[in-house]
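J.: Quick one: the structure is below, questions incoming.
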Amino acid sequence: MGFETIDGMLSINIDSTMTLAFAAILLLIGYALKKKFKFLEKYCIPAPVVGGFLFMFITWAGHVTNTFTVNFENIFQDTFMLAFFTTVGLGASFALLKKGGKALIVYWLICGVISILQNTIGIVVSKLVDLETPYALLSSAISMIGGHGAAMSYGRTFAKMGYETAPLVGAAAATFGLISAVLIGGPIGRKLIEKNNLSPDETEGVFDDDIESINSSFGESLTELDVIKNVSVIIIAMAIGSIISGQISKLINMDFPTYVGAMFVAVIVRNINEKYEMYKFDFALVDGIGTVMLNLYLSLALMTLKLWELSGLLGGVLIVVLCQVIFISLAAYFVVFKLLGSDYDAAVMCAGLCGHTLGATPSAIVNMTAVNEKYGMSRKAMMIVPIVGAFLVDIIYQPQTIFFIKTFVEGASNFIN
């Protein structure tokens, strides 16, 4: 950590190790504050959100008062996200996917339709407020579902087309979406549960038992080598998945999410290992690693957000993103909940839906985790939402977004193949 004064402002430079330490401390503070202030637990606000927001507002205060600034060397965030999605892939046994059955397909189609409606809302609102189409689309499914990565990728493409502030608008919209996602998901899930007097369905014990048997440990303690093998598989799947995603990016001439490739490789490894037993896979260990990676990722993501970048959300862009948040909130509460069966699993999945249709799949997981911690586990939601949010929804979201761009943005065909 270093300190220097530049033009009368204190500049605090934090290296990568200290940045990670800050994230861990803020995560622990988040859990402590949830215990102290009951309304945080009551409304299912995730612990990393509490701690991350606390520091985010501190850095914002330094910026607006022009007294200090904090510069993070944040090299672990992407790696943690990659590791988390890899553990999700390793938890996706084909036997488990079959258990998702109809609910998995229904949720996937719902998310696909929502992505189309998000882009439609962006186009319609842009016409009403006289906003240029690229900025409207950057404030729609691109940033809401695609997150910061997609926003920057498409933003750079639009910048080449002459819309110079597109990357800034995309980043601001994605930031707004991420903040909204982790603030509304838990409360909406809670409201649905409380209003409808829902609880985990104990009669679905067969579903739970099957999941537990599929993901069961070997009934004996893992050796040191077993632990190393489990961790090594995660790391190797991350590496191979990154290579595959890079090749796909070249093939489609667009950025392809690295974590999708890693998750895909992990799914293959998990299911090959189930048949040939190449190593002693331990779900509890892998799931625990994934939980740690997820919480640290979100803590890093939130504490390093720059609230002042939301100044890019001006005029029509701000109206579009507000419409997106209102749309997702109403759709989840009044429509999706009923389509998914109006039960406890549906309520938890709606909390997750708010996360990955406004922010990112990790946001969906922490939203659902916060609800599960308070009301009980929804295994169905924790199985279906990550797979759809991280991968399946892209099968619909990406092609239809490109269609919207080519249809409504003049000259787009020369830049997007």
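The values are calculated or read from the model by the stated rules, or taken from the named source; none is laboratory data. None of the values given here were measured: they were computed from a predicted structure. Heads up, the Cβs are rebuilt from the backbone with ideal geometry, glycines too, and the neighbour counts pull from every protein chain shown.
J.: Restricting attention to the stretch 326-346, report how many residues are surrounded by 22 or more Cβ atoms within 10 Å (Cβ to Cβ), more than 19 Å from the chain's Cα centre (by Cα) and over 23 Å from GLY376 (Cα atoms).
T.: Result for the stretch 326-346: 0.
J.: Further, regarding this structure: Among the residues of the stretch 59-80, are any within 30 Å of LYS275 (Cβ to Cβ) and charged (D, E, K, R)?
T.: Scanning the stretch 59-80, I find no residue that is within 30 Å of LYS275 (Cβ to Cβ) and charged (D, E, K, R), so the answer is no.
J.: Among (1) in a helix (DSSP H, G or I); (2) touching a residue at least 60 places away in the same chain (Cβ under 8 Å); (3) of a type outside the set (Ser, Thr, Tyr), where does PHE334 come up short?
T.: Among (1) in a helix (DSSP H, G or I); (2) touching a residue at least 60 places away in the same chain (Cβ under 8 Å); (3) of a type outside the set (Ser, Thr, Tyr), the lone unmet condition for PHE334 is (2).
J.: How about the stretch 347-371: which of its residues are surrounded by fewer than 24 Cβ atoms within 10 Å (Cβ to Cβ) and under 18 Å from ILE105 (Cα atoms)? Write out each step before concluding.
T.: Initially, the stretch 347-371 is screened for residues surrounded by fewer than 24 Cβ atoms within 10 Å (Cβ to Cβ), giving 369.
Matches in the stretch 347-371: none.
J.: Follow-up. Read through the list (1) more than 17 Å from the chain's Cα centre (by Cα); (2) under 27 Å from LEU138 (Cα atoms), then give the number of the only condition that GLY52 fails.
T.: Unmet condition: (1).
J.: Against the condition touching a residue at least 24 places away in the same chain (Cβ under 8 Å), more than 16 Å from the chain's Cα centre (by Cα) and more than 12 Å from GLY185 (Cα to Cα), how does ASN372 come out, does it pass? Quick ask: steps written out before the conclusion?
T.: Working: touching a residue at least 24 places away in the same chain (Cβ under 8 Å): yes; more than 16 Å from the chain's Cα centre (by Cα): yes; more than 12 Å from GLY185 (Cα to Cα): yes.
So ASN372 passes the test.
J.: Continuing with this model, one more query. Considering the stretch 250-270 alone, what residues qualify as being at pLDDT below 90 and buried (at least 16 other Cβ atoms within 10 Å of the Cβ)?
T.: Quick first cut of the stretch 250-270, residues at pLDDT below 90 only: 250-261, 263-264, 267.
Residues satisfying the conditions are MET254, ASP255, PHE256, PRO257, THR258, TYR259, VAL260, GLY261, MET263, PHE264, VAL267.
J.: If a residue has to be polar (S, T, N, Q) and without any contact (Cβ under 8 Å) to a residue 24 or more places away in the chain to count, how many in the stretch 1-54 make the cut? If you could, list the steps in order and put the result at the bottom.
T.: First pass over the stretch 1-54, keeping only residues polar (S, T, N, Q): 5, 11, 13, 16-17, 19.
The next check asks that each one be without any contact (Cβ under 8 Å) to a residue 24 or more places away in the chain; those that pass are 5, 17.
Going through the stretch 1-54 one residue at a time, the tally reaches 2.
J.: Considering the stretch 292-315 alone, what residues qualify as being over 20 Å from MET81 (Cα atoms), in contact with a helix residue (DSSP H, G or I) (Cβ under 6 Å, 6 or more places away or on another chain) and either modelled with pLDDT of 90 or more or surrounded by fewer than 19 Cβ atoms within 10 Å (Cβ to Cβ) (or both)?
T.: Taking the stretch 292-315 as the starting set, the residues that turn out to be over 20 Å from MET81 (Cα atoms) are 307-315.
So of that shortlist, the ones also in contact with a helix residue (DSSP H, G or I) (Cβ under 6 Å, 6 or more places away or on another chain) come out as 307-310, 312-313.
The answer is LEU307, TRP308, GLU309, LEU310.
J.: Please verify whether ASN372 is of a type outside the set (Val, Ile, Thr) and under 30 Å from LEU138 (Cβ atoms), treating the condition exactly as stated.
T.: Values: of a type outside the set (Val, Ile, Thr): yes; under 30 Å from LEU138 (Cβ atoms): no.
So ASN372 does not fit the description; no.
J.: Restricting attention to the stretch 222-234, and to residues there that are assigned to a helix (DSSP H, G or I), touching a residue at least 24 places away in the same chain (Cβ under 8 Å) and not acidic (Asp, Glu), which single residue is surrounded by the most Cβ atoms within 10 Å (Cβ to Cβ)?
T.: Taking the stretch 222-234 as the starting set, the residues that turn out to be assigned to a helix (DSSP H, G or I) are 224-234.
From what's left, touching a residue at least 24 places away in the same chain (Cβ under 8 Å): 226-227, 229-231, 233-234.
Retained after the next criterion (residues that are not acidic (Asp, Glu)): 227, 229-231, 233-234.
Numbers: VAL227: 13, LYS229: 16, ASN230: 20, VAL231: 14, VAL233: 21, ILE234: 24.
Ranking the candidates gives ILE234 first.
J.: Has the stretch 140-147 got any residue that is among the β-branched types (Val, Ile, Thr), modelled with pLDDT of 90 or more, under 15 Å from GLN118 (Cα atoms) and touching a His at 6+ places or on another chain (Cβ under 9 Å)? Before the answer, list the steps.
T.: Pass one, the stretch 140-147, residues among the β-branched types (Val, Ile, Thr): 142, 145.
Keeping just the survivors that are modelled with pLDDT of 90 or more gives 142, 145.
Those still in the list that are under 15 Å from GLN118 (Cα atoms) too: 142, 145.
Narrowing further to those that are touching a His at 6+ places or on another chain (Cβ under 9 Å): 145.
Checked against the condition, which is being among the β-branched types (Val, Ile, Thr), modelled with pLDDT of 90 or more, under 15 Å from GLN118 (Cα atoms) and touching a His at 6+ places or on another chain (Cβ under 9 Å), the stretch 140-147 yields at least one hit.
J.: For SER217, work out the one condition from (1) at pLDDT below 95; (2) over 25 Å from the mean Cα position of the chain (by Cα); (3) more than 22 Å from MET293 (Cα to Cα) it doesn't fulfil.
T.: SER217 satisfies every listed condition except (3).
J.: Take residues that are at pLDDT 90 or above, out of contact with any Asp or Glu (no Cβ under 9 Å at 6 or more places or on another chain) and over 25 Å from ILE234 (Cβ atoms) and tell me which of the strands (runs of 3 or more DSSP E) falling wholly in the stretch 1-118 contain 2 or more. Working first, answer last.
T.: Values: elements: 2-6, 9-14, 68-72.
So the answer is 68-72.
J.: Please state which of the following conditions CYS323 fails to meet, knowing it meets all the rest: (1) surrounded by fewer than 20 Cβ atoms within 10 Å (Cβ to Cβ); (2) modelled with pLDDT under 90; (3) under 23 Å from ILE142 (Cβ atoms).
T.: (2)
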